[in-house]
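Beneath this line is the structure, given in structure tokens, with notes to follow.
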Amino acid sequence: MRKALRWLLALVVLIGTAAGTAGAATAAEPKAVDIKDRLLSVPGMSLVEEKPYPGYRFFVLNYTQPVDHRHPSKGTFQQRITVLHKDVNRPTVFYTGGYNVSTNPSRREPTQIVDGNQVSMEYRYFTPSRPQPADWSKLDIWQAASDQHRIFTALKPVYSKNWISTGGSKGGMTATYYERFYPRDMDGVVAYVAPNDVVNKEDSAYDRFFATVGTEECRDRLNGVQREALVRRAPLEKRYAAYAADNGYTFDTIGSLDRAYEAVVLDYVWGFWQYSTLKDCADIPADAVNATDDAIWESVDTISGFSAYTDQGLATYTPYYYQAGTQLGAPTIHFPHIEKKYIRYGYQPPRNFVPRDIPMSFQPWAMRDVDTWVRHNASHMLFVYGENDPWGAERFRLGHGARDSYVLTAPGMNHGANVAGLVPEQKALATARILDWAGVASATVQENPSAARPLAAFDARLDKRDLRHESTLRP
């Protein structure tokens, strides 16, 4: 009886001790910190707003950046970023389009593929991410890459898994420049439809592209409308003047309505192939010479946009045109189907699209440096182009020294080319490499890349991509 009592008392003490230990352990566990609080604990980070989206948290934020990363003490500005938060244990995609950032939830293709988080950055000097007053000499590819590096460094403790940078068009260029200057930050790069204008004065690749793209019938239709819009310059410019007056448009930056009109018309063929596909040729007037003025006007306005080279149309894109005229370069093409007497200005330089009080000087070495680096140092980089996209006429290429990197072309696609549009074998390869770089490739995918699939289901709202900028001759 005494033995039984001693055993019972020992058992009670043991249970009490175990319970006390468990209680102490529970009390010692740190309380989970909300992701918003974690983001806002980053020095220089402030909340603009949070927007709901099923399965995610979406934040619009401002982040304090130095105007000049070489001299951080000489002023700061607020750079707008967004965070589409999935889970801190998922990989993160770092996206920029190279222009303004959308403040509505959206997901880029690599984010869907890896089922991850997405940090999106507004490019410096696009409103509202512009220093005041603006020192335009601090708008260059190194300063912008340093913006990304600083954001990544700030957020890596929050999102500690693998990171992949991405962007389309100017955003694809931006992702490439970021990799060139900070090659240790990202685990992979997916650059879509990224132009690579290595020698600004040599643009014959574009002329060769327009001589063969699509079908002869389609090229003839487009060339006919473009030529006819210049032949009928007088009556259509009269209509343009009325259109400008009705909408309050002015032409101080480009210099005149006449210059703006020709710029819009000369963008027409380029704009068609940038945003349309071969089947859309059916919408182009087949007999331009006998088409009505209304038909010519509507076709040009639909594709090129008569507001593009007004002061109001140009203002949003001043930072792009500034960069095109200082580092990126800009294409110049010829128009063999139009008699010289109808062309007064030709493709105008970026200088004509930037207010004259902003000084500009071109740096021909900037793109040569990036091109050389990519050819010989690319690692974990994927470039995707569209077969019928004029911006792909001058593209990035790989040389000796590139490792686990690829340049792939989506057949028949335009400036919206993506991994999903590649031929099946290349699509599987690209998807498998993205999953692997992100650290989420399954053993099955590692052994058999043809089994690679996006990890997240397509979301029509979240994955919708709006290709069109307000003007055609911009990447």
With the 8 Å Cα cutoff and a minimum separation of six or more residues, the chain has a relative contact order in percent of 16
Full extension between residue 376 and residue 286 adds, at 0.36 nm per residue less the Cα distance, a length in nm of 27.7 nm
The alpha-carbon center of region 67-97 and that of region 385-453 are separated, in whole Å, by 26
Matching label for the computed Cα extents along the principal axes in Å, out of (1) 79, 54, 37; (2) 71, 55, 37; (3) 118, 51, 44, is (3)
The farthest towards the positive end of the charge dipole of region 283-441, of the residues 441, 374, 286, given +1 on Cβ of Lys and Arg and -1 on Cβ of Asp and Glu, is 374
Most packed first (mean Cβ within 10 Å per residue), the peptides 389-396, 178-185 order as 389-396, 178-185
FRET efficiency (residue 397, residue 334; Cβ distance; R0 25 Å; to 0.05) is 0.55
Note on region 193-255: alpha-carbon gyration tensor, axes a ≥ b ≥ c; rule is a/c under 1.5 for rounded, else prolate if a/b larger than b/c, else oblate; result oblate
With 0.36 nm assigned to each residue of separation and the Cα-Cα distance removed, residue 70 to residue 149 gains 27.1 nm
Over 19 Å (Cα to Cα) among 51/156; 36/86; 201/341 -> 51/156; 201/341
Descending packing, highest mean Cβ count within 10 Å first, for 64-71, 373-380, 398-405 is 373-380, 64-71, 398-405
For the chain, the dipole about the Cα centre with charges only on Cβ (Lys and Arg +1, Asp and Glu -1), to the nearest 20 debye, works out at 2040
With the charge dipole of the chain built from beta-carbon charges (+1 for Lys and Arg, -1 for Asp and Glu) about the Cα centre, the Cα from 321, 417, 52 projecting farthest to the positive end belongs to 52
Listed by chain and number, the lysines with an alpha carbon less than 22 angstrom from that of residue 279, same-chain partners under 8 positions apart left out, are 464
Taking N as the residue count of region 299-451, its alpha carbon Rg divided by 2.2 N^0.38 Å gives 1.36
Counting only residues 5 or more apart in sequence or on a different chain, those whose built amide H sits under 5 Å from that of residue 385 are 193, 408, 409, 410
Note on the chain: helices (DSSP H) long enough, at least 30 Å by alpha carbon along their axis, and hydrophobic enough, mean Kyte-Doolittle at least 0.0, are 2-28
For region 149-291, the dipole about the Cα centre with charges only on Cβ (Lys and Arg +1, Asp and Glu -1), to the nearest 20 debye, works out at 560
Check: C-alpha center region 294-318 vs C-alpha center region 155-216, spacing in Å is 26
Among 198, 153, 222, the residue whose Cα sits farthest towards the positive end of the charge dipole of region 147-231 (+1 at Cβ of Lys and Arg, -1 at Cβ of Asp and Glu, taken about the Cα centre) is 153
The set of residues whose placed amide H lies less than 5 Å from the amide H of residue 405, leaving out same-chain residues fewer than 5 positions away, is 380, 381
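Values quoted throughout were computed directly from the atomic coordinates according to the rules given, and no laboratory measurement underlies them. The shown structure was predicted, so the numbers you read here are calculated from the model rather than taken from an experiment. We place every Cβ from the backbone using ideal geometry, glycine too, and count neighbours over all the protein chains shown.
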